[in-house]
Amino acid sequence: MSKRILMVVTNHTKITEEHKTGLWLEEFAAPYNMFKEQGYDVRVTSISGGKVELDPNSIPEEETSQWNEAEKQLEDTEALTKEIADENYDAIFLPGGHGTMFDFPDSEELQYALQQFAENDKVISAVCHGPAGLVNATYSDGTPIVKGKTVNGFTDEEERGMELDSYMPFLLESKLREKGAEFVRGDNWSDYSVRDGKLVTGQNPMSSESTAQKVIEVLEEF
């Protein structure tokens, strides 16, 4: 039986009227390819379904054919439901993009999915802004799933460097710390990812592949 991965992506498309956002392509496509190359069954869903818009800044100037199959998965996605979340997966993976800061934290379906994965000791993984999905995720007793866990994600310093901090509903690093996570980080814009048991998180787009690789390592242990 091949391993099954549930990927959940954002549908949120703007920060301000002038500043468009969405899913960050590399954070989805690079892990998607790695999981497929591993022979895993990958199911792609989004918060509200339909076509998933990419953050314009994440679209390569020159077309990269190796991401074509991954991009096709975004043309008409299934909306994440509790029924989908209840199916038997080995891991959930949350790619980033600033859109996740707006629609991941308060999605009942995503929060339900994360609780099920945490309660059943499944692999939970996220990269860059993807950990925005983790900030409100709890066990059934209300304990944050990141409490006491070593985690990583887009840093406050990186957000300020992009001059987008004032437009965010919260700062990801600060919010994860507030929820009791042990936040660790690499240098700005460097490849940095961390594993704590079955929780895997990565810092930024450059960390997409190393985050996915750690997920594969966890899955191959079981």
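The values are calculated or read from the model by the stated rules, or taken from the named source; none is laboratory data. Please read all numbers here as calculations on a predicted model, not as lab measurements. All Cβ positions, even for glycine, are placed from backbone atoms using ideal geometry, and neighbour counts span all protein chains on display. To get the accessible areas, we keep the full protein, side chains included, count just its heavy atoms, and leave off ligands, DNA and RNA. Shrake-Rupley method; radii C 1.70, N 1.55, O 1.52, S 1.80 Å.
Identify, from the list 195, 185, the residue that is farther than 22 Å from residue 82 by Cβ, assigned to a loop (DSSP other than H, G, I, E, B) and either touching a helix residue (DSSP H, G or I) at 6+ places or on another chain (Cβ under 8 Å) or modelled with pLDDT under 95 (or both). Please lay out each step first, then the result.
On the way: 195 fails: assigned to a loop (DSSP other than H, G, I, E, B).
Sole residue among the options that is farther than 22 Å from residue 82 by Cβ, assigned to a loop (DSSP other than H, G, I, E, B) and either touching a helix residue (DSSP H, G or I) at 6+ places or on another chain (Cβ under 8 Å) or modelled with pLDDT under 95 (or both): 185.
Look at region 48-61 and say how many of its residues are buried (at least 17 other Cβ atoms within 10 Å of the Cβ) and without any contact (Cβ under 8 Å) to a residue 60 or more places away in the chain. Let's see the steps before the verdict.
Within region 48-61, the subset buried (at least 17 other Cβ atoms within 10 Å of the Cβ) is 52-55, 58.
Filter again for without any contact (Cβ under 8 Å) to a residue 60 or more places away in the chain, leaving 52-55.
So the answer is 4.
Regarding residue 84, is this residue among the hydrophobic types (A, V, I, L, M, F, W, C), open to solvent by less than 50 Å² (accessible area, probe 1.4 Å), outside any strand (DSSP E or B) and within 19 Å of residue 114 (Cα to Cα)? Full working, then the answer.
On the way: among the hydrophobic types (A, V, I, L, M, F, W, C): yes; open to solvent by less than 50 Å² (accessible area, probe 1.4 Å): yes; outside any strand (DSSP E or B): yes; within 19 Å of residue 114 (Cα to Cα): yes.
So residue 84 passes the test.
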Next on the checklist: Just to be sure before I move on: is residue 69 part of a helix (DSSP H, G or I) and either open to solvent by 50 Å² or more (accessible area, probe 1.4 Å) or at pLDDT below 95 (or both) in the structure I sent?
Outcome noted: yes
Open item on the list: Here is a check on your reading of the model: is residue 74 of a type in the set (A, V, I, L, M), crowded, with 23+ Cβ neighbours inside 10 Å and at pLDDT 95 or above?
Closed with: no
Expected output for region 208-222 (first residue outside any helix (DSSP H, G or I), partner of a type in the set (Val, Ile, Thr) and open to solvent by less than 50 Å² (accessible area, probe 1.4 Å), Cβ below 9 Å, 6+ apart or cross-chain) is 222/123
The condition from (1) touching a strand residue (DSSP E or B) at 6+ places or on another chain (Cβ under 7 Å); (2) open to solvent by less than 10 Å² (accessible area, probe 1.4 Å) that residue 129 misses is numbered (1)
Within region 170-209, residues being more than 17 Å from the chain's Cα centre (by Cα), of a type outside the set (Ser, Thr, Tyr) and under 14 Å from residue 101 (Cβ atoms) number 0
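Considering only region 139-180, state which residues are aromatic (Phe, Trp, Tyr) and in a helix (DSSP H, G or I).
From region 139-180, those aromatic (Phe, Trp, Tyr) are 139, 154, 167, 170; that's our starting set.
Within region 139-180, 167 is the sole residue that qualifies.
So, in region 99-138, how many residues would count as being free of Cβ contacts under 8 Å to residues at least 40 places away in the same chain and in a strand (DSSP E or B)? Show your work before the answer.
So the first thing to find is which residues in region 99-138 are free of Cβ contacts under 8 Å to residues at least 40 places away in the same chain, and the list is 106, 108, 111-112, 114-120, 136-138.
Checking which are in a strand (DSSP E or B) leaves us with 138.
Residues in region 99-138 being free of Cβ contacts under 8 Å to residues at least 40 places away in the same chain and in a strand (DSSP E or B): 1 in total.
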Among the residues of region 183-214, the number that are touching a Ser or Thr at 6+ places or on another chain (Cβ under 7 Å) and under 15 Å from residue 121 (Cβ atoms) is 2
In the set 21, 13, 100, 45, the lone residue that is farther than 30 Å from residue 221 by Cα, open to solvent by less than 10 Å² (accessible area, probe 1.4 Å) and at pLDDT 95 or above is 21
With criteria (1) assigned to a helix (DSSP H, G or I); (2) of a type in the set (Gly, Ala, Ser); (3) within 21 Å of residue 204 (Cα to Cα), residue 96 comes up short on (1)
Here the residues within region 175-186 that are loosely packed, with under 15 Cβ neighbours inside 10 Å and over 16 Å from residue 199 (Cα atoms) are 178
Exception for residue 79 within (1) in contact with a Ser or Thr (Cβ under 8 Å, 6 or more places away or on another chain); (2) within 20 Å of residue 31 (Cβ to Cβ); (3) aliphatic (A, V, I, L, M) falls at (2)
Quiz item: Has region 157-176 got at least one residue that is among the aromatic types (Phe, Trp, Tyr) and within 21 Å of residue 79 (Cβ to Cβ)?
Solution: no
